[in-house]
Amino acid sequence: MKQTFRFSGTGGQGLITAGIILAEAALLDGKMAIQSQSYGPEARGGSSKAEVIISDEAIHFGRVMHPETLLVMSQEAADKYSADCTPDSLIITDSLFVENVPVSAHRVDLPITRTAVSTCGKALFANIVALGAVAALTNCVSVESLTKAVLDRVPKGTEDANKKALAAGIALAKGVAKAA
């Protein structure tokens, strides 16, 4: 089984880190994974995206043409990166920053940044909240592997806050699943 992901938002939101963590979690689960990234020339504030392909078999083409799952953390990213989605794609938005997605697909609006602030005290942890939600909604990696990949990647001293952020994202997704 192959799954494709695109994480998009604004530079500085940590979405490239989130893509790297997701790919590492897939590897820990014994799957194949490819991660790529692109961003504008701005250090912060420009658009950015990370793409991840996870598969049980060899991956022969490393580009995400039509993401099965699109995470959108800014309106600019929704406008720029959602056109490649299909009607079967899952689009997960941060409801604080995204009002309109210009394509028809399965859409889930989540209070990602608000949850990061209420759980961890800072919007800085929104990428990990989002990562937990994406993983829980798609069942792409195990919680154990995702937790290990997060803890291996985050700065020392932030482990507890990142574990809380990850758990909060998983809980957000479970709330959506129960409501459906």
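Any read-out appearing in this document is the output of simple, stated calculations on the displayed coordinates, not a laboratory observation. Values in this document were obtained by computation on a predicted structure and should not be read as measured data. For neighbour counting, all protein chains shown are included, and Cβ atoms are generated from backbone atoms with ideal geometry for every residue, glycine included.
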Within a Gaussian network of the chain (alpha carbon springs, distance under 10 Å), most fluctuating of Thr113, Thr69, Thr158: Thr158
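If you restrict to DSSP beta bridges whose two residues both lie in region 1-113, what percentage is antiparallel, to the nearest 5?
55
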Pairwise FRET efficiency - Ile59 versus Lys80, Cβ, R0 = 22 Å, nearest 0.05: 0.35
Residue order, fewest to most surrounding Cβ atoms within 10 angstrom, among Phe125, Phe61: Phe61, Phe125
Exposure proxy ranking, count of Cβ atoms within 10 Å, fewest first, for Arg107, Arg6, Arg63: Arg63, Arg107, Arg6
Close Lys-Lys pairs in region 2-179, where close means Cα under 20 Å and separation is 8 or more or interchain: 13
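For Cα pairs less than 8 Å apart in space and 6+ apart in sequence, what is the mean separation divided by the residue count of region 2-179, i.e. the relative contact order in percent?
Relative contact order for region 2-179 comes out at 21 percent.
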Cβ-based exposure ranking for Val103, Val108, in which fewest neighbours within 10 Å come first: Val103, Val108
Residue with peak Gaussian network fluctuation, the chain [Cα springs, cutoff 10 Å], from Gly14, Gly169, Gly30: Gly30
Alpha-carbon Rg with Dmax, taken over region 17-103, Å: 13.7, 38
